[in-house]
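What follows is one structure encoded as structure tokens, with my remarks underneath.
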Amino acid sequence: CLASNGALKLKYLVLNNNQIGDQGATVIGQALASNGAWELKELLLYRNQIGDRGATAIGQALACNAALKLEKLWLNNNQVGDQGAAAIGQALASNGALKLTALNLG
């Protein structure tokens with residue numbers, strides 16, 4: 001189970017152009033929220049038909065997991081609207097440990 005593996009050393013997760021949608025983004029968000037040992041630096045999810053629900057799930061994960069080492073998050077060319085963008089923004093504001101250097105929601 002991806003979410004419960006405390007030894008996961010994955011640094012780059014690239015799922016571009018896979019049409020994972022909100023459901024897939026929500027599963028990724030749940031995994032990120034539940035595993036503080038992730039070494040993930042780049043999460044690239046562009047062109048996946050992710051909307052506000054999926055972006056909000058990812059935002060909630062970013063907000064609650066202070067151990068995340070994520071530096072780049074690409075959600076461009078999805079259907080992320082105001083609600084999803086606000087969730088990501090709130091996560092950045094509330095998680096001072098997060099060192100995100102690149103964010104693309106366009």
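Here the gap between residue 92 and residue 79, fully extended at 0.36 nm per residue and compared with their Cα-Cα distance, gives a gain of 2.7 nm.
Summed over the residues of the chain and divided among them, the accessible surface reaches 50 Å² per residue at a probe radius of 1.4 Å. Computed over protein heavy atoms with a 1.4 angstrom probe, the accessible surface ordering of 101, 26, largest first, is 101, 26. Take the Kirkwood radius over Cα pairs of the chain, plug it into Stokes-Einstein at 37 °C and 0.692 mPa s, and you get 249 µm²/s for translational diffusion. GNM remark for the chain: springs join alpha carbons under 10 Å apart, and the peak mean-square fluctuation among 49, 79, 23 falls on 23.
Springs between Cα atoms under 10 Å define the GNM used for the chain, and in it the highest mean-square fluctuation of 20, 58, 50 occurs at 20. Taking all protein chains as shown and a probe of 1.4 angstrom, residue 9 keeps an accessible surface of around 130 Å². Each residue of segment 59-66 was assigned a 3J(HN,Hα) from its phi angle through the Karplus expression (A = 6.51, B = -1.76, C = 1.60, θ = phi - 60°), giving x, 5, 5, 5, 6, 9, 10, 6 Hz with x at Gly and Pro.
The values are calculated or read from the model by the stated rules, or taken from the named source; none is laboratory data. Quantities reported herein were computed from a predicted structural model and do not represent experimental measurements. To get the accessible areas, we keep the full protein, side chains included, count just its heavy atoms, and leave off ligands, DNA and RNA. Shrake-Rupley method; radii C 1.70, N 1.55, O 1.52, S 1.80 Å.
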